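To start, the structure itself, in structure tokens.
The values are calculated or read from the model by the stated rules, or taken from the named source; none is laboratory data. All figures in this text were calculated on a predicted structure; none of them were measured in a lab. Please note: Cβ atoms are built from the backbone with ideal geometry, for glycine as well, and neighbour counts cover all protein chains shown.
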Amino acid sequence: MANTARPLTNTEVKQTKPREKEYNLADGNGLHLRVKPNGTKLWLFNYSRPFTKKRANLSLGCFPDILLADARIEAQNFKSLLAKDIDPKEHRIEKARKGKRAHTNTFEHVARKWLKLKKSKGLPVPLLVYNRAPT
């Protein structure tokens, strides 16, 4: 029979002390708190990749930036992705890629690239005049 982890409490997480070697405290459902010798506390989600079945860790952030309740919610979101055969790490990377792509397609970004290109080739840059409403 598999070992079941007793859920952590906020007090336990706050009062955890560093040791000579790093160690993990399990909360259950793949959520772990890794305590490093320098005192850093990291939230990790341990899971099995959907198709390769290899084990992987996904960082959720540092404590106290990410609180216990927030880490549990994030771990539950990752569990729901795994139920749909979606790798949470790949999903996170794709989400970041889409955000970056959306940023690079803004008018401001394209205008800055155009201006930089004009300046680098030594071409004259037109003076832009903004029509402001009278105040």
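How many of the residues making up segment 66-96 are over 12 Å from the mean Cα position of the chain (by Cα) and farther than 20 Å from GLY28 by Cβ?
Total meeting the criteria: 4.
For the structure I just gave you, tell me whether LEU60 is within 12 Å of the chain's Cα centre (by Cα) and closer than 26 Å to GLU12 by Cβ.
yes
Of everything in segment 12-55, what is of a type in the set (S, T, N, Q) and either closer than 24 Å to ASN77 by Cα or touching a residue at least 12 places away in the same chain (Cβ under 8 Å) (or both)? Give them in sequence order.
Matches in segment 12-55: THR16, ASN24, ASN29, ASN38, THR40, ASN46, SER48, THR52.
Quickly run through segment 83-104 and pick out the residues that are touching a residue at least 12 places away in the same chain (Cβ under 8 Å) and out of contact with any strand residue (DSSP E or B) (no Cβ under 6 Å at 6 or more places or on another chain).
Listed by number, the residues that qualify are ASP85, ILE86, ASP87, ARG92.
Filter segment 1-13 for residues that are in a loop (DSSP other than H, G, I, E, B) and either touching a Cys at 6+ places or on another chain (Cβ under 9 Å) or buried (at least 18 other Cβ atoms within 10 Å of the Cβ) (or both) and give the result.
Within segment 1-13, just LEU8 meets the criteria.
Which residue is nearest to LEU81 (Cα to Cα), if the candidates are limited to segment 98-115 and must be of a type in the set (Val, Ile, Thr) and assigned to a helix (DSSP H, G or I)?
Among residues in segment 98-115 that are of a type in the set (Val, Ile, Thr) and assigned to a helix (DSSP H, G or I), the one nearest to LEU81 (Cα to Cα) is THR104.
Can you name the condition, by its number, that ARG132 falls short on among (1) at pLDDT below 85; (2) not in a loop (DSSP other than H, G, I, E, B)?
Single failed check for ARG132: (2).
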